[in-house]
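S.K.: The following block contains the structure, expressed as structure tokens.
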Amino acid sequence: MKKNSGWIKSVSICLAVLVVMMGAGFYLLFGDTETSFVSSKVEAAFSEQNKQSEEVEENGEDKESKDQSGSAEEESVEAKEVESIQEAVTEEEKEEVEDNNELSEKDDQAKENDDRKDESENEDAGNDQTSDNQAVSQTTAPGIENPENAPETEIVEESVEPEPEPEPEPEPEPEPEPEVAEAVTYSWGATSSYTFRMEVALTNNGGSTANNVMVSVPLLENRSPYQTTSLRSVNYSQVSSSGRVSTFNLGNIAPGETKTIVADFDIAVRPVSINSSNDTIDKARGVFNKYAGSGNCRDLARAFIRDIRSMGIEAREVIGFARAQRGAMTTGSLQGTRHSWAEFYVEDLGWVPADLTFQYFGEFPHPSHIVESYEDQSISVNYNGGSLSASWSNAVH
């Protein structure tokens, strides 16, 4: 009898442990996915089973008389009870899920209707402010049923904003006209007229006659912008001419005899000055300021010409006559008045004077300079026999 009661006690303990383990396994499998309501019911069932197991242990001696079949029936009952609890929990869970789904659908429908109502109110407010908007046909969202408690569908007038008119393209601003530099021109003074006389004398200093004497004489230049020249008369006939050089036949000159060629020219001289400046004039002025002043007139003129030619500006030397006083040319002999100055070329204007000795740049304020030539040419004499010497002189009448 004691052996049977010990065996029964051991079976009861094992069953209790088995029940606890089954409950723990069930909790682990289904506890995380069930709702809090279901979990509380399972935990209550497990608590009741644990309580019963404890009562079995405490009253083990009283229950020793129960046989193995009674224990099996108790286990079956408990399993059925757990199964029924699970089924009840499952049914309640399904009902709760369906209720939640139904509430969710109702909430979504109500929210959508509220949004549509807000849009309608906003559009109505926009229609009150804009009188020019056009009405469009009623629009409803297809495939959406209104819930029973949703407000009836209202006709909504949507405002259509007129398309903005394209802004006119800005007229292109007129391109600024390029600044045109003032053209450089001459300003002229009153013309002064003179008679210029050139004399060339040949003397035979030998003991025999000089035969067939031919004399080539450079005449006055006629290419100056501020002087015009014309040959009035000459006392010997011209045999030939080349440029401004004329050749005269004086025949035979006896020993001690002198023959003189006399040529008279009408000249008109005008004061001149430039009225503006440009790049060429500015460059020439810079060189002029470097050399202008006292010194040999030919050396100063040639230094000026050399420097501005290196800048690509045309320049030339002028050989002529100028009185020492700063004023108009006076009549009389021009002995000792031979002079050199320069001219440089300005496009669209011509030759511009620059006298470095008198410090006249781009001007001759007085009719004071007479141009003889742009090349320093000498008198040439050809003859046979005798011994000739030549001299020349110039004067203004």
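The values are calculated or read from the model by the stated rules, or taken from the named source; none is laboratory data. Bear in mind that the values here come from a model prediction, so they are computed numbers and not experimental data. Cβ: placed from backbone, ideal geometry, glycine included. Neighbour counts: every protein chain shown. These area figures cover heavy atoms from the full protein model, side chains too; ligands, DNA and RNA do not enter into them. Shrake-Rupley method; radii C 1.70, N 1.55, O 1.52, S 1.80 Å.
S.K.: How about the stretch 268-347: which strands (runs of 3 or more DSSP E) wholly inside it have at least 1 residues that are closer than 21 Å to Glu375 by Cα and out of contact with any helix residue (DSSP H, G or I) (no Cβ under 8 Å at 6 or more places or on another chain)? Can you show your working first?
M.R.: On the way: elements: 272-274, 315-322, 338-346.
Qualifying strands (runs of 3 or more DSSP E): 315-322, 338-346.
S.K.: Being among the polar types (S, T, N, Q) and farther than 14 Å from Ala390 by Cβ is the filter here, so list the residues in the stretch 251-273 that pass it. Walk me through how you get there before you give the answer.
M.R.: Initially, the stretch 251-273 is screened for residues among the polar types (S, T, N, Q), giving 252, 258, 260, 273.
The answer is Asn252, Ser273.
S.K.: Any idea which residue in the stretch 195-205 is farthest from the chain's Cα centre (by Cα), counting only those that are within 17 Å of Ile370 (Cβ to Cβ) and open to solvent by 50 Å² or more (accessible area, probe 1.4 Å)?
M.R.: Just the residues of the stretch 195-205 that are within 17 Å of Ile370 (Cβ to Cβ), to begin with: 195-199.
In the following step, the residues that additionally are open to solvent by 50 Å² or more (accessible area, probe 1.4 Å) were identified as 197, 199.
Details: Arg197: 67, Glu199: 70 Å.
It comes out as Glu199.
S.K.: Follow-up. Quick one: how many residues across the stretch 335-377 are hydrophobic (A, V, I, L, M, F, W, C) and open to solvent by 10 Å² or more (accessible area, probe 1.4 Å)?
M.R.: We begin by selecting, within the stretch 335-377, every residue hydrophobic (A, V, I, L, M, F, W, C); these are 341-342, 344, 346, 349, 351-352, 354, 356, 358, 361, 364, 370-371.
From what is left, the residues that are open to solvent by 10 Å² or more (accessible area, probe 1.4 Å) are 349, 351, 358, 361.
Counting residues in the stretch 335-377 that are hydrophobic (A, V, I, L, M, F, W, C) and open to solvent by 10 Å² or more (accessible area, probe 1.4 Å) gives 4.
S.K.: Condition first: modelled with pLDDT under 95, open to solvent by 70 Å² or more (accessible area, probe 1.4 Å), of a type in the set (Ser, Thr, Tyr) and farther than 21 Å from Asn222 by Cα. Can you find one or more residues in the stretch 306-328 that meet it?
M.R.: no
S.K.: Looking at Ser192, Ser208, which is the one that is open to solvent by less than 90 Å² (accessible area, probe 1.4 Å), modelled with pLDDT of 95 or more and under 60 Å from the mean Cα position of the chain (by Cα)?
M.R.: Details: Ser208 fails: under 60 Å from the mean Cα position of the chain (by Cα).
It is Ser192.
S.K.: Right, something else. Could you grab me the full set of residues in the stretch 268-288 that are under 40 Å from the mean Cα position of the chain (by Cα), surrounded by fewer than 15 Cβ atoms within 10 Å (Cβ to Cβ) and touching a residue at least 12 places away in the same chain (Cβ under 8 Å)?
M.R.: Selection gives Asn275, Ser276.
S.K.: Okay, moving on. Determine, yes or no, whether Arg232 is assigned to a helix (DSSP H, G or I) and not aliphatic (A, V, I, L, M). Walk me through it before giving the result.
M.R.: Working: assigned to a helix (DSSP H, G or I): no; not aliphatic (A, V, I, L, M): yes.
The answer is no for Arg232.
S.K.: Further question on the same structure: If you go through the stretch 211-263, how many residues are at pLDDT 95 or above, surrounded by fewer than 16 Cβ atoms within 10 Å (Cβ to Cβ) and charged (D, E, K, R)?
M.R.: Residues meeting the conditions: 2.
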